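K.L.:
First the structure, then my questions, so here it is.
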Amino acid sequence: MLPYLLSLPALLVCIAILVPFVTAAVYSLQRYRLNLPYLRGFIGVDNYIDFLSDPAFWNTLRISLVYTALTVVLELLLGLGIALLLRRPTRVHNAVSIVLLLPLMTAPAIAALMWKLMTNPSFGILSYLVSLFGVHDFKWASDPSSALFTVVLVDVWVYTPFIMILLLAGLRSLPRQPFEAAALDGVPASFVFFRITLPMLAPYIITASLFRLLDSIQQFDIIYAMTQGGPGDRLMVFQVQAYLEFFQYTNVGRSAALLMILWLITNILSNIFIKNWLRLRARAHGHA
């Protein structure tokens, strides 16, 4: 009896995941509009086929992938750089790492609203600061040319500490013997970094990148709180488009189909990352 009781929470979590997933999959195969309930019916994969000829869908796909690539790469580079600076476990470094974690403790929607105020062209502190360098009337998120830059900046501010803390834990857990031997032999620092540190840290880098990739490609709160997917469709990522399809256009079928496509993309990308992680782990244990 006890084994069944212990497995009950996992079973409940599995049910809580599968029920919405199956429901969304069923809705995605239907013509289902809340304002036209009498037209509801099974249409197969027509919702998916319609997306293939819809320029708005391809714009959503492009913006989602560009946003994901920019945020993951920038956060990975910054997080790795900060982790390398704080790799020695001193009191000062520990205190600095705790302070740097503060943005991560802020709800993304609250952080987005805070940055929206700071980047207001009329009274925002950041608009004032950039004006000191001769950049006047910078529109930030309200201008199509700078909207992506602005939301990426907010995402980097919020989530870089996440990657930093994972890589910092990885750096501090690496064995010291290879580095001590390299120091005794007078090996250049660049060689140590690229040939010893990075290969040993690669599983941690892939893990951190996977977590951020899965979160970035499903980003909603930062983008919606700052721009609602605008200006125009400049930041119309998957989650925002699905939200608008459901709540603004009351098109449940198209909204569910968008989310199922997003699930397929995240599943493919996560499988690629996991396979590379397993390959690196096998090589580290001498099995590859």
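K.L.:
Quick one: compute the contact order of segment 136-288, relative version, from alpha carbon pairs under 8 angstrom and 6+ residues apart, as a percent.
P.N.:
Computed over segment 136-288, the figure is 24 percent.
K.L.:
I've got another one for you. So with the 1.4 Å probe, I'd like the accessible area per residue for the chain, rounded to whole Å².
P.N.:
57
K.L.:
Quick one: Debye curve from the alpha-carbon atoms of segment 53-99 only, equal weights, vacuum; give me log10 I(q)/I(0) at q = 0.18, 0.26, 0.28 Å⁻¹ to two decimals.
P.N.:
Results for segment 53-99 at q = 0.18, 0.26, 0.28 Å⁻¹ read -0.64, -0.88, -0.93.
K.L.:
So which trypsin sites (Lys or Arg not before Pro) in segment 43-108 are both in a DSSP loop and have at most 16 other Cβ atoms within 10 Å of their Cβ?
P.N.:
Those that pass, being in a loop and sparsely packed, are Arg87.
K.L.:
Can you list residues whose amide H is under 5 Å from Gln30's amide H, if they're 5+ apart or on another chain and H is modeled 1.01 Å from N?
P.N.:
Here Ile43 satisfy the definition.
K.L.:
Mean separation of Cα pairs under 8 Å and 6+ residues apart, divided by the residue count of segment 204-277: what relative contact order is that in percent?
P.N.:
Working: 51 pairs, mean separation 23.7, N = 74.
Once divided by the residue count of segment 204-277, the mean separation gives 32 percent.
K.L.:
While we're looking at this one, here's another question. May I ask for log10 I(q)/I(0) of segment 167-211 at q = 0.15, 0.29, 0.31 Å⁻¹, from a Debye sum over the Cα atoms as equal point scatterers with solvent left out?
P.N.:
For the requested q values the scattering log ratios are -0.39, -1.06, -1.13.
K.L.:
Quick one: what are the phi-derived ³J(HN,Hα) couplings along segment 182-192, Karplus 6.51/-1.76/1.60 with θ = phi - 60°, whole Hz, x for glycine and proline?
P.N.:
Rounded to whole hertz, the list is 5, 5, 5, 7, x, 6, x, 4, 5, 5, 4.
K.L.:
How much accessible area does Ile15 have with a 1.4 Å probe, in Å² rounded to the nearest 10?
P.N.:
80
K.L.:
Do you know the relative contact order of the chain, to the nearest whole percent, from alpha carbon pairs under 8 angstrom that are 6+ apart? It would help to have the intermediate numbers written out before the result.
P.N.:
Numbers: 308 pairs, mean separation 78.1, N = 288.
About 27 percent, as a whole number.
K.L.:
Run lengths n ≥ 4 of DSSP H only: what is the helix-derived mean residue ellipticity at 222 nm for the chain, with -39500 (n - 2.57) per run over all residues, to the nearest 500?
P.N.:
On the way: 13 runs with 200 residues, N = 288.
The helix-only estimate for the chain comes to -23000 deg cm²/dmol at 222 nm.
K.L.:
Let me cross-check Leu29: its accessible surface, 1.4 Å probe, with only protein heavy atoms counted, in Å² to the nearest 10?
P.N.:
Using a 1.4 Å probe on the heavy atoms, I get roughly 60 Å².
K.L.:
Solvent-accessible area of Phe191, probe 1.4 Å, all protein chains present, reported in Å² to the nearest ten, please.
P.N.:
100
K.L.:
Now for a different question. Counting residues in the chain as N, plug N into 2.2 N^0.38 Å and put the Cα Rg over that result.
P.N.:
Its radius of gyration relative to the 2.2 N^0.38 Å reference: 1.22.
The values are calculated or read from the model by the stated rules, or taken from the named source; none is laboratory data. Bear in mind that the values here come from a model prediction, so they are computed numbers and not experimental data. Neighbour counts run over all protein chains shown; Cβ positions are idealised from the backbone, glycine included. Areas reflect the complete protein model, heavy atoms only, side chains present, ligands, DNA and RNA absent. Shrake-Rupley method; radii C 1.70, N 1.55, O 1.52, S 1.80 Å.
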